[in-house]
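Working notes, beginning with the structure itself.
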Amino acid sequence: MFLRRTFPLVVVLVVAFVASVATFAARTDGNKNDKRNARVLTPLNLAILIQDDLISQVGNELDATRDFIRSLPAGSRVMVGYVTSGSLQVRQPFTTDLDKAARSLRIPLSSTAGSPFNPYVEVIEALRGFDASWKGRSAVLLVSDGLDTSHGFDSSAAGNTTDLHRAIAHANKRNVAVFAFYAPSVGLTSRSGIAASYGQSSLNRLADETGGKAFFQGTTGFVSFNPYFRRLREALNEQYAKAY
């Protein structure tokens, strides 16, 4: 009689114990994954390009960008440049001094005075700075609205412009993956959802066809770059895991 009464209780306790062990294991694995993706695992040659006419909120994300640069593994090289008025302003040439690179960031102009016709010519210019003899993976991080108005503004040109194609070809020739953070500019992409979608389409194509990824949160703006950087670290680590 005693055994029959206690047996169900024993079963419940065993099931609860197994469940708790499984939960603990899952949390442990999750914590390991979180720690793994908290920073990039292998050295990286990275050009960070920021479009100068992006909305002023982008300036609030400089600390997150500096933290990302400083978190890169020793041996990484970083260049910092601004896409402004149809030219590439290099604030910091490629350097292994990550703190120096982080300190070279400045607040974007957030003015149409700094507007480029498109960011892709300057992407090509930055790609010329990569040295084929460098070890490790190479990438560009483009912070941009992605809009190319150099040949007009219509649906037939969206995501299919000459300079976009050239940027893709140059990146693939140099084996450089392009990642993109979308942010609206003070121009068309902050006023027009259609313009924003055109720009995002171009960024997505650039990233997809060069082995990178584009990150955006709808067409009306963004809240923070922190989720972008988290997903960027995950993407870079996943690429390394697949390659090795």
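Just so it is clear, none of the values below were taken in a lab; they were calculated from the coordinates. Bear in mind that the values here come from a model prediction, so they are computed numbers and not experimental data. Neighbour counts are summed over all protein chains in view; Cβ atoms, including those assigned to glycine, are modelled from backbone coordinates with ideal geometry.
Placing unit charges on C-beta atoms (Lys and Arg positive, Asp and Glu negative, everything else neutral), compute the dipole magnitude of region 44-243 about its Cα centre in debye, rounded to 20.
For region 44-243, the charge dipole is close to 580 debye.
In Å and from the alpha-carbon atoms only, list the Rg and Dmax of region 89-238.
For region 89-238, the Cα-based Rg and Dmax read 15.1, 44 Å.
Could you give the length gained on full extension between N226 and L41, defined as 0.36 nm per residue of separation minus the Cα-Cα distance, in nm?
Stretched out fully, the N226 to L41 stretch lengthens by 64.8 nm.
What distance in nm separates the two pseudo spin-label positions at N160 and I194, each 7 Å out from Cα along the beta-carbon direction?
In this crude label model, N160 to I194 measures out at 1.6 nm.
Within a 10 angstrom radius of the beta carbon, how do I107, I48 rank from fewest other beta carbons to most?
So the ranking, lowest neighbour count to highest, is I107, I48.
Sort I50, I55 so that the residue with the fewest other Cβ atoms within 10 Å of its own Cβ comes first and the one with the most comes last.
Listing I50, I55 from fewest to most nearby Cβ atoms yields I55, I50.
Considering amide H positions built from the backbone, and no H for Pro or chain starts, which residues 5 or more places from V140, or on another chain, come under 5 Å of its amide H?
Amide H to amide H, under 5 Å and 5 or more residues apart or across chains, V140 pairs with A47, A177, V178, F179.
Estimate the FRET efficiency between E209 and S111 by the formula 1/(1 + (r/R0)^6), using the beta-carbon distance for r and 35 Å for R0, to the nearest 0.05.
Working from the Cβ atoms, E equals 0.65.
So what are the ³J(HN,Hα) numbers for region 101-107, from phi and the Karplus equation (6.51, -1.76, 1.60; θ = phi - 60°), rounded to whole Hz, Gly and Pro as x?
4, 4, 6, 7, 5, 10, 5
So if we plug the beta-carbon distance of D67 and K135 into 1/(1 + (r/R0)^6) with R0 = 30 Å, what FRET efficiency do we get, rounded to 0.05?
That gives a FRET efficiency of 0.75.
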